[in-house]
Amino acid sequence: MEKFNSIDDVLDYAIDQEQEAVDFYTELAKNARSNDTKANFMEFVKEEMGHKEKLMKLKQEGSLSIIEDKAVQDLKISDYLSPVTPSPDMSYQEALIVVMKKEKAAYNLYLALEKMVPNPEFKEVFHLLALQEANHKLQFEEEYDDIILKDN
């Protein structure tokens with residue numbers, strides 16, 4: 001496990017995770033064969049950059065109120081979908097599955113870290129980060145529901 005000695009360590013870790021997501025979606029966009037898929041991945045890049053900026057602002061301002069602490073609905077759509085291996089020619093449906101699974105993994109990571117760290121302040125930050133990832137997942141599940149499931 002990563003060693004966290006301060007809130008800044010926790011936030012630096014979360015910022016790095018968001019940057020990895022930016023890099024991941026940028027690479028997928030670069031390799032996508034369809035212009036629509038490229039455009040969709042670039043939207044995901046913008047989303048992740050927004051998440052990173054929010055965390056950087058949190059680090060700078062030191063106020064946890066920047067992340068809303070409220071329960072997030074879980075549509076559980078991604079729970080019933082088989083994982084998809086990212087590829088340049090994947091459909092928008094497959095791309096949504098990839099991102100839903102990725103956001104769920106980030107959510108689970110932050111929940112696990114919340115349980116593992118003894119520091120109550122760190123626990124709160126990981127709890128809020130988990131809620132943020134759950135909200136991201138919900139956004140993609142709603143998109144999947146509106147676009148993919150609506151057609152079926």
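The values are calculated or read from the model by the stated rules, or taken from the named source; none is laboratory data. Since the model is a prediction, treat every value here as computed from it, not as a measurement. Positions of Cβ are generated from backbone atoms using ideal geometry, with glycine treated the same way; all protein chains shown enter the neighbour counts.
Quick notes on this one:
- Options 46, 150; residue that is farther than 30 Å from residue 6 by Cα and without any contact (Cβ under 8 Å) to a residue 12 or more places away in the chain: 150
- Hey, residue 74 under 23 Å from residue 119 (Cα atoms) and either crowded, with 19+ Cβ neighbours inside 10 Å or among the acidic types (Asp, Glu) (or both) or not: no
- The stretch 95-122, residues that are more than 22 Å from residue 71 (Cβ to Cβ) and under 19 Å from the mean Cα position of the chain (by Cα): 95, 96, 97, 98
- If the condition is being surrounded by fewer than 18 Cβ atoms within 10 Å (Cβ to Cβ) and more than 30 Å from residue 94 (Cα to Cα), then the stretch 1-33 contributes 1, 2, 3, 5, 6, 7, 8, 9, 12.
- Pick from the stretch 86-124, criterion over 19 Å from residue 45 (Cβ atoms) and in contact with a Leu (Cβ under 7 Å, 6 or more places away or on another chain), ranking: modelled with the lowest pLDDT: 124
- Within the stretch 132-152, considering residues that are of a type in the set (A, V, I, L, M, F, W, C) and modelled with pLDDT of 90 or more, the one farthest from the chain's Cα centre (by Cα): 138
- Check on residue 38, surrounded by 13 or more Cβ atoms within 10 Å (Cβ to Cβ), over 17 Å from the mean Cα position of the chain (by Cα) and assigned to a helix (DSSP H, G or I): yes
- Looking across the stretch 103-145, just one residue is basic (Lys, Arg) and crowded, with 21+ Cβ neighbours inside 10 Å, and that is 137.
- A single member of 79, 89 is outside any helix (DSSP H, G or I) and not hydrophobic (A, V, I, L, M, F, W, C), and it is 89.
- Among the residues of the stretch 9-37, those identified as more than 18 Å from residue 102 (Cβ to Cβ) and either modelled with pLDDT of 85 or more or of a type outside the set (Lys, Arg) (or both) are 9, 10, 11, 12, 34, 35, 36.
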